[in-house]
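Report on the following structure.
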């Protein structure tokens, strides 16, 4: 089954309190050298059919209207192998 | 500045109510053909220094102890170009 990943992140100009909280906690926990942290969402969609242009256009529309709030968030859509051995 | 991305997702055997809520909403909104949705977190870390093995080991430790709850979540660490034109 094909997997499509939609990443949703706050736009760079939008304040990210979640990311800031993480960033501020890091030195306390002994982690140095991180200049900035942004936190966002990752959606993994398993498609029933093939990942063709029509399916990707549909997912793009879905991300735009439903998964992301495009006033304050940016999103990216990318295809990933379902059998990804990365994890 | 170098960017490292940490993706945190619930383990496959753990119930994901957020993802299920998204999946159930899709047909109502006119989107068909999505068999499964999983929702997770994406952290973008901007490093002050270079992304060498020591930095990645540090980030791996950070993800393991702080960003992810490894009892119920899996994570991946990967390097990304900060000037990524994908978005």
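Every read-out reported here was derived from the displayed coordinates using simple, explicitly stated rules and does not represent laboratory data. Quantities reported herein were computed from a predicted structural model and do not represent experimental measurements. Note: ideal-geometry Cβ built from the backbone for every residue, glycine included; neighbour counts use all protein chains shown.
For the segment B:5-14, counting C-beta atoms of other chains within 10 Å of every residue's C-beta and taking the mean gives 2. Of interest is the spacing of the C-alpha centroids, which for the stretch A:1-55 and the stretch B:1-75 amounts to 7 Å.
Taking the axis that rotates chain B onto chain A, the chain B residue nearest to it by Cβ, with the distance rounded to whole Å, is B:42, 2. Rounded to the nearest 10 degrees, the angle from helix A:53-62 to the longest Cα principal axis of chain A is 50 degrees.
Estimated from helices alone, the mean residue ellipticity of the protein assembly as shown at 222 nm is -7500 deg cm²/dmol (sum of -39500 (n - 2.57) over DSSP H runs with n ≥ 4, per residue).
The mean count of C-beta atoms from other chains within 10 Å of the C-beta of residues in B:40-52, rounded to a whole number, is 5. Averaged over the residues of B:27-33, the number of partner chain Cβ atoms lying within 10 Å of the residue Cβ comes to 4. Once the C-beta distance of residue B:57 and residue A:32 is scaled by a Förster radius of 22 Å, the resulting FRET efficiency is 0.95 to the nearest 0.05. Panel order for B:62, B:1, by other beta carbons found within 10 Å of each beta carbon, from fewest to most: B:1, B:62. Normalised by the number of residues in the stretch A:2-80, the mean separation of alpha-carbon contacts (under 8 Å, six or more apart) gives a relative contact order of 54 percent. Binning all Cα-Cα separations of the stretch B:22-67 at 10 Å, short to long from zero, yields these whole-percent fractions: 20, 31, 16, 22, 11. The per residue volume of the convex hull around the alpha-carbon atoms of chain B is 115 Å³. Taking the square roots of five times each eigenvalue of the Cα gyration tensor of the protein assembly as shown, the equivalent ellipsoid has semi-axes of 29, 17, 15 Å, listed largest first.
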